[in-house]
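Enquirer: Below is the structure I would like to discuss, written out as structure tokens.
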Amino acid sequence: MNLDELELIARSVRQENAAYDYELNVCMDLACASQGAEMLREALIATGDTSGKKVLVRRTGCMGPCSSGPMVRVDPDDTLYGHVHADHAEKILSSLGNEPVAVLQCDLNEHFDKQVRVVLENAGHIDPEKIDDYIARDGYKALLTALTEMTPNGVVHRITESGLRGRGGGGYPTGLKWGTVAKAGGDVKYIVCNGDEGDPGAFMDRSVMEGDPHRIIEGMAIAGYAVGASKGFMYVRAEYPVAVARLTTALREARRRGLLGSNLCGTTFNFDVEIRLGAGAFVCGEETALIASIEGKRGTPKPRPPYPAVSGLWGKPTLINNVETFANIAPIVRNGGKWFANMGSERSKGTKVFALTGKIANTGLVEVPMGIKLREIIEVIGGGVPNGHTFKAVQTGGPSGGCIPAEMLDLGVSYDALLKVGSIMGSGGMIVMDDTSCMVNVARFFVEFCMTESCGKCIPCRAGTAQMYKLLTRICDGSGTMDDLSLLEELCVTVKETSLCGLGMTAPNPVLSTLKYFRNEYVDHIVHKRCTAGVCNIKAPAEVLA
């Protein structure tokens, strides 16, 4: 396979698609599939065959607005339909060339206008199980360009120039990590893609793996060429069976096309990828625990240094990035580092994919430039808080993130800004809470998650999170004291400063941030024996009620 052959495939697919009058792209992400998207697709195919119109019905990955699913996008009209079911198929086919079906049409212009799609540029446009669809949208062009026109150092320089930082949560400069692995000694090196997405409410990586699997494979192969690795491992949660199935299909297709395997593009570069399933342990999102799991050991973290870039999988230099990070690589190689660096803020370049969930009108995936204000994400893209309620807080960064109050809605979203206010970027979870949420109960929920997911290797995390949960439970049920509150604060600092890995170090964030911005709710529970949100079942003593 070379660039000319790749272009021939792309041109052939485009010509084949041009023979159709219309394309009906049906979202087959899990949210839409669970609401009958497969029956809808079959109905559109059956109706299209009898309509007399040349119609291509294509399955696609997540289009973004999950709350409007099942979704269908009609091209070339660029009409978006939401809440579509099988019995709507005839109406949609009849409307082609005429006025759209008004009752199904989605008015999401503001939702999409504020977004900049890099990672999700193929979302809703390709069949994830057809490699030729990916090739037709410049797929694998970056890999072949890197292999035939760039040196490994040139690739590392381009990634460094882009300013891309790891999208898995830590925000470590990607180019610096790649450069470290490239300079490490030894003939054997590994590439690992971290697809162990375990945050409650997070589904960014799952959607990319399900909707655009070749994008990740191409990014891993480019990384292998850049750092001198010939073997890659894709570590995916076993709870993601659709992602695993589509990645397996994508790997098979890539090998058949000569885009994985030996002597790629007639060069001496060899690279292949193997899928490894995780058993659902949240701690395996931490890189040393993930490495242990791939090696067949219990997934527990170990002290660093040495870092995986020097001594990782089976003691060899190992490059670990998450799904979203690898999904950024191909467009950076195609368009240049400066192109990517021109998006975002000063120290947080490019775009970020968020899973917007909770008390928000438009739940789903959004991709926005770094530096965008929280207000724009929540009120414009997300459509605001529904049902007449008011916004109270947003938690970023998953269970280890902090809760940001309403008065900080004009905060620009970046690694440094979120850290400064007591939260983190994390992998991209963004949970919105309204006035019906009790912040003490919210903190307890996330602490309980961290407690149950702790591997138990270090005492601060194992015992500290359990004691934090116990204290929060006492406060929630009305039996807590101000001494408990003081002890809770002290315990949070101890766990944060003495835990072995990132799970324990960040587990106190929900508590510390809610104590900082919503301390009055803790005092209400302890002193006044009441939960203003009405969530906690507090049985106040008679003297307090009097």
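Read-outs throughout are calculated quantities, based only on the coordinates presented, and are distinct from any laboratory measurement. Small disclaimer: the values here were computed from a predicted structure and weren't measured. Reconstructed Cβ throughout: ideal geometry from the backbone, glycine too, with neighbour counts over all protein chains shown.
Enquirer: For a quick check: with amide H placed at 1.01 Å from N, whose amide H comes under 5 Å from Thr79's, ignoring anything fewer than 5 positions away on the same chain?
Expert: Val74
Enquirer: At a Förster radius of 22 Å, what calculated FRET efficiency corresponds to the Cβ-Cβ distance of Ala245 and Asp132, to the nearest 0.05? All intermediate terms of the calculation are to be shown ahead of the outcome.
Expert: Working: r = 19 Å, r/R0 = 0.85.
With R0 = 22 Å, the Cβ-Cβ based efficiency is 0.75.
Enquirer: So, one more: Contour minus end-to-end for Thr436 and Asp483, with contour as 0.36 nm per residue of separation and end-to-end as the Cα-Cα distance? Let's see the in-between values first.
Expert: Working: separation 47, 0.36 × 47 = 16.92 nm, distance 2.72 nm.
Between Thr436 and Asp483, full extension yields 14.2 nm more.
Enquirer: Another question, then. Let me have the relative contact order for the chain, percent, based on Cα pairs under 8 Å that are six or more residues apart. Walk me through the intermediate numbers first.
Expert: Details: 1159 pairs, mean separation 72.5, N = 546.
Relative contact order comes out at 13 percent.
Enquirer: Follow-up question, since we're still on this one. Please name which of Val116, Val440, Met39 has its Cα lying farthest along the dipole of the chain towards the positive end, using unit charges on Cβ (Lys, Arg +1; Asp, Glu -1) and the Cα centre as origin.
Expert: Val440
Enquirer: Taking amide H positions as placed 1.01 Å from N in the peptide plane, with prolines and chain starts having none, which residues 5 or more places from Gly429, or on another chain, fall under 5 Å of its amide H?
Expert: Ala355, Gly397, Gly398
Enquirer: Give a residue-ordered list of calculated ³J(HN,Hα) values for segment 72-84 (Karplus: 6.51 cos²θ - 1.76 cosθ + 1.60, θ = phi - 60°; whole Hz; x for Gly, Pro).
Expert: Using θ = phi - 60°, the values come out as 9, 10, 9, 10, x, 5, 6, 9, 10, 10, x, 6, 8 Hz.
Enquirer: Another question, then. Output the Cα-based Rg and Dmax of segment 138-341 in Å, rounding Rg to one decimal and Dmax to a whole number.
Expert: 15.5, 45
Enquirer: How large is the dipole of the chain about the Cα centre if only Lys and Arg carry +1 and Asp and Glu carry -1, each at its Cβ, rounded to the nearest 20 debye?
Expert: On the way: 56 positive and 63 negative charges, 335 e Å.
Its charge dipole is roughly 1620 debye.
Enquirer: What spacing in nm lies between the two simple spin-label points modelled at Trp314 and Thr267, each 7 Å away from Cα in the Cβ direction?
Expert: 2.3 nm
Enquirer: Here is a further query. Quick one: 3J(HN,Hα) in Hz for segment 449-460, Karplus 6.51/-1.76/1.60 with θ = phi - 60°, rounded, Gly and Pro as x.
Expert: 4, 5, 4, 6, 8, 4, 6, x, 5, 10, 5, x
Enquirer: Relative to the Cα centre, what is the charge dipole magnitude of segment 439-545, using +1 at the beta carbon of each Lys and Arg, -1 at the beta carbon of each Asp and Glu, and rounding to the nearest 20 debye? Please report the intermediate quantities before stating the final value.
Expert: Details: 11 positive and 11 negative charges, 33 e Å.
The dipole of segment 439-545 has a size of about 160 debye.
Enquirer: Going through segment 466-546, which trypsin sites (Lys or Arg not before Pro) have at most 11 other Cβ atoms within 10 Å and a DSSP loop state?
Expert: Here the sparse-neighbourhood loop sites are Lys539.
Enquirer: For Arg117, put the label point 7 Å out on the Cα→Cβ axis and report which residues of segment 357-381 keep their amide N under 11 Å from it.
Expert: 366-367
Enquirer: Further, regarding this structure: How far, in degrees from 0 to 90, does helix 213-227 lean away from the longest principal axis of the Cα atoms of the chain, to the nearest 10?
Expert: 90 degrees
Enquirer: Show that you can apply the helix-only estimate: for the chain, add -39,500 (n - 2.57) for every DSSP H stretch of four or more residues, divide by all residues, and state [θ] at 222 nm to the nearest 500. Could you put the intermediate results ahead of the total?
Expert: Details: 23 runs with 226 residues, N = 546.
Counting only the DSSP helices, I get -12000 deg cm²/dmol.
Enquirer: Rounding to the nearest 10 and keeping the result within 0 to 90°, find how far the Cα-based axis of helix 37-51 lies from the longest principal axis of the chain.
Expert: Once rounded, the angle reads 30 degrees.
Enquirer: Give the calculated FRET efficiency between His528 and Lys91 to the nearest 0.05, with a Förster radius of 41 Å applied to their Cβ-Cβ distance. Working shown, then result.
Expert: Working: r = 56 Å, r/R0 = 1.37.
After rounding to 0.05, the efficiency reads 0.15.
Enquirer: To the nearest 20 Debye, how big is the dipole of segment 473-516 about its Cα centre, given +1 on the beta carbon of each Lys and Arg and -1 on that of each Asp and Glu? Walk me through the numbers on the way to the answer.
Expert: Details: 3 positive and 6 negative charges, 37 e Å.
It works out to roughly 180 debye.
Enquirer: Take Glu38 and Ser51, extend 7 Å from each Cα along the Cα→Cβ direction, and tell me the distance between the two endpoints in nm.
Expert: 2.3 nm
Enquirer: For a Förster distance of 35 Å, can you work out the FRET efficiency between the beta-carbons of Arg347 and Arg298, rounded to the nearest 0.05?
Expert: 0.45
Enquirer: Report the full-extension gain for the segment His389 to Phe445: residue separation times 0.36 nm, less the Cα-Cα distance, to one decimal in nm.
Expert: Working: separation 56, 0.36 × 56 = 20.16 nm, distance 2.18 nm.
Contour length minus Cα-Cα distance gives 18.0 nm.
Enquirer: Beyond 18 Å, how much of the Cα-Cα pair distribution for segment 455-544 remains, as a whole percent?
Expert: Working: 1788 of 4005 pairs.
Of the Cα pairs, 45 percent sit more than 18 Å apart.
Enquirer: How large is ³J(HN,Hα) for each residue in segment 476-488, as worked out from phi by the Karplus curve 6.51 cos²θ - 1.76 cosθ + 1.60 (θ = phi - 60°), to whole Hz, x for Gly and Pro?
Expert: Each residue's phi maps through the Karplus curve to give 5, 8, x, 9, x, 10, 5, 5, 4, 5, 5, 5, 4 Hz.
Enquirer: I would also like to ask the following. Hey, what's the Kirkwood Rh for segment 254-399 if you take every pair of different alpha carbons, in angstrom? Write down the numbers at each step before the final one.
Expert: Numbers: mean 1/r = 0.0524 Å⁻¹.
Answer for segment 254-399: a Kirkwood hydrodynamic radius of 19.1 Å.
Enquirer: On to the next question. Using a cut-off of 14 Å between beta-carbons, work out the net charge of the residues near Thr506 (Lys and Arg +1, Asp and Glu -1, Thr506 not included). Don't skip to the answer; put the middle values down first.
Expert: Details: positive: Lys496; negative: Asp199, Glu286, Glu453, Glu497.
Neighbour charge sum, excluding Thr506 itself: -3.
Enquirer: Still on this structure, please answer the following. For Gly64, list long-range residues whose amide hydrogen, built 1.01 Å from N in the peptide plane, is under 5 Å from its own amide hydrogen.
Expert: Placed amide hydrogens put Leu365 under 5 Å from Gly64.
Enquirer: Measure of size requested: the Rg and Dmax of segment 14-108, with Cα atoms as the atom set and Å as the unit; please supply both.
Expert: 12.1, 34
Enquirer: Moving to a separate point now. Largest first, please: the extent of the C-alpha atoms of the chain along each principal axis, to the nearest Å.
Expert: Principal axes ranked by extent give 80, 63, 39 Å for the Cα atoms.
Enquirer: Given Asn98, Val366, Thr268, which one lies farthest toward the positive end of the charge dipole of the chain, if we put +1 on the Cβ of every Lys and Arg and -1 on the Cβ of every Asp and Glu?
Expert: Value: Thr268.
Enquirer: What nm distance separates the two modelled labels at Ala102 and Asn2, each placed 7 Å from Cα along Cα→Cβ?
Expert: 5.8 nm
Enquirer: Can you tell me how much longer the chain between Glu490 and Glu110 gets when fully stretched, taken as 0.36 nm per residue apart minus their C-alpha distance, in nm with one decimal? Don't skip to the end; give the middle numbers.
Expert: Working: separation 380, 0.36 × 380 = 136.80 nm, distance 4.46 nm.
Residue separation times 0.36 nm, minus the Cα-Cα distance, leaves 132.3 nm.
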